[in-house]
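Asker: Input: one structure, supplied below.
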Amino acid sequence: MAPPSALACKYMRITPAILSSNIDDFTHKLQVASTLCTSVQIDIATPEFAGTSSVAIDSVISVLDKSKLSATYHLMTRDIIGHIKKLHGHKFHRIIIHAETDPDYKRIIKLVDRQKRGLAINPETPIADVLPLLDDFDELLIMTVHPGHSGGRFLPETLSKIERAKQCFPHLTVSADGGIDGDNIPTLRNLGYDIAYIGSAIFTSPNPRIAFTELNEQGRIIA
């Protein structure tokens, strides 16, 4: 394995990611996540952008309001403003929107505090396309699969985008999402990714707790 780069972090946070198409599956995965950690990413998908549908955000909110988990909402939808308005008055850690939806950035900046704003890019989107926007965001999510479906094929060619982002914005939180498991976590960690959002490698495991523990161990740099 190649040695860690100068950007490598000592510890990459592992956050369970939930993409569910029915409320029973969502509730079950949320319960599992609550036994593992204090934060979770919730994928909200609609067909016109992601090609698939998740549990509607209203149902998600009603379940999460009863949970102690801190939630990051990953909005894979073109109705960004509508979804943000539904989250008004409810707890959330961050809202991540997609650059490919051509969002109304001025309205989003007014509706969401900077430290709670994240921007996501799909595998085919060059990092140069979003660099002018990153001053207004606290996190950049680099998709390592095509969004909308759990268990997608990991695309290693997307990983190098972090280098340019961190060179321009050293303190920016950079995360990855999609197809991440124990085989590719060391590469993510050594490149300097701060967060890995992981779904299938946790929730399809026979023992999610052991899987989560092992993923966290693999997310550490051993001095």
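Asker: Is there a residue in the stretch 149-159 that is in a helix (DSSP H, G or I) and within 16 Å of the chain's Cα centre (by Cα)? Don't jump to the end; show me each part of the working.
Answerer: Initially, the stretch 149-159 is screened for residues in a helix (DSSP H, G or I), giving 156-158.
From what's left, within 16 Å of the chain's Cα centre (by Cα): 158.
Within the stretch 149-159, one or more residues are in a helix (DSSP H, G or I) and within 16 Å of the chain's Cα centre (by Cα).
Asker: Another question, then. If you take just the helices (runs of 4 or more DSSP H) that sit entirely in the stretch 1-111, which of them hold at least 2 residues that are closer than 19 Å to Pro208 by Cβ and of a type in the set (S, T, N, Q)? Walk me through how you get there before you give the answer.
Answerer: Values: elements: 23-34, 47-50, 57-64, 80-87, 105-111.
Fully inside the stretch 1-111 and qualifying: 23-34.
Asker: Check Ala211, Ala165 and return the single one that is modelled with pLDDT of 95 or more, part of a helix (DSSP H, G or I) and over 19 Å from Ile18 (Cα atoms).
Answerer: Working: Ala211 fails: over 19 Å from Ile18 (Cα atoms).
So the residue among Ala211, Ala165 that is modelled with pLDDT of 95 or more, part of a helix (DSSP H, G or I) and over 19 Å from Ile18 (Cα atoms) is Ala165.
Asker: Same structure again: Return the only residue of Ala45, Ala33 being small (Gly, Ala, Ser) and within 29 Å of Lys166 (Cα to Cα). Walk me through it before giving the result.
Answerer: On the way: Ala33 fails: within 29 Å of Lys166 (Cα to Cα).
The match here is Ala45.
Asker: Ok, one more. Report, by residue number, each residue of the stretch 103-121 that is surrounded by fewer than 18 Cβ atoms within 10 Å (Cβ to Cβ) and either among the hydrophobic types (A, V, I, L, M, F, W, C) or free of Cβ contacts under 8 Å to residues at least 12 places away in the same chain (or both).
Answerer: Lys106, Ile109, Lys110, Leu111, Asp113
Asker: Among Asp79, Asp65, which is the only one that is closer than 21 Å to Ile121 by Cα, free of Cβ contacts under 8 Å to residues at least 40 places away in the same chain and more than 18 Å from the chain's Cα centre (by Cα)? Explain how you work it out, then say what you get.
Answerer: Working: Asp65 fails: closer than 21 Å to Ile121 by Cα.
When all the criteria are applied, what remains is Asp79.
Asker: Among the residues of the stretch 1-27, write down those that are surrounded by 14 or more Cβ atoms within 10 Å (Cβ to Cβ), modelled with pLDDT of 95 or more and more than 15 Å from the chain's Cα centre (by Cα).
Answerer: If the condition is that a residue be surrounded by 14 or more Cβ atoms within 10 Å (Cβ to Cβ), modelled with pLDDT of 95 or more and more than 15 Å from the chain's Cα centre (by Cα), then Ile23, Asp25, Phe26, Thr27 are the ones that fit.
Asker: Are any of the residues in the stretch 47-58 more than 21 Å from Gly178 (Cβ to Cβ), modelled with pLDDT of 95 or more and over 17 Å from the mean Cα position of the chain (by Cα)? Even if it seems obvious, please write down each step before you answer.
Answerer: Step one: list which residues in the stretch 47-58 are more than 21 Å from Gly178 (Cβ to Cβ), which gives 56, 58.
Cutting the leftovers down to modelled with pLDDT of 95 or more gives us 56, 58.
So of that shortlist, the ones also over 17 Å from the mean Cα position of the chain (by Cα) come out as 56, 58.
Taking every residue of the stretch 47-58 in turn, at least one turns out to be more than 21 Å from Gly178 (Cβ to Cβ), modelled with pLDDT of 95 or more and over 17 Å from the mean Cα position of the chain (by Cα).
Asker: Output the residue which, of all residues in the stretch 185-205 that are outside any helix (DSSP H, G or I) and buried (at least 24 other Cβ atoms within 10 Å of the Cβ), is nearest to the chain's Cα centre (by Cα). Let's see the steps before the verdict.
Answerer: Restricting attention to the stretch 185-205, the residues satisfying the condition of being outside any helix (DSSP H, G or I) are 192-199, 204-205.
If we keep only those that are buried (at least 24 other Cβ atoms within 10 Å of the Cβ) as well, we get 193, 196-198.
Details: Tyr193: 12, Ala196: 7, Tyr197: 5, Ile198: 8 Å.
It comes out as Tyr197.
Asker: Check Gly182, Gly178 and return the single one that is surrounded by fewer than 19 Cβ atoms within 10 Å (Cβ to Cβ), free of Cβ contacts under 8 Å to residues at least 60 places away in the same chain and either in contact with a strand residue (DSSP E or B) (Cβ under 6 Å, 6 or more places away or on another chain) or within 19 Å of Ser160 (Cα to Cα) (or both).
Answerer: Gly182
Asker: Could I ask something else about it? Taking Ser200, is it of a type outside the set (A, V, I, L, M, F, W, C) and touching a Ser or Thr at 6+ places or on another chain (Cβ under 7 Å)?
Answerer: Taking the combined requirement at face value, the residue satisfies it.
The values are calculated or read from the model by the stated rules, or taken from the named source; none is laboratory data. Fair warning: this is a prediction, and the values are worked out from it, not measured in the lab. So basically every Cβ, Gly included, is an ideal-geometry build from the backbone, and we count neighbours across all protein chains shown.
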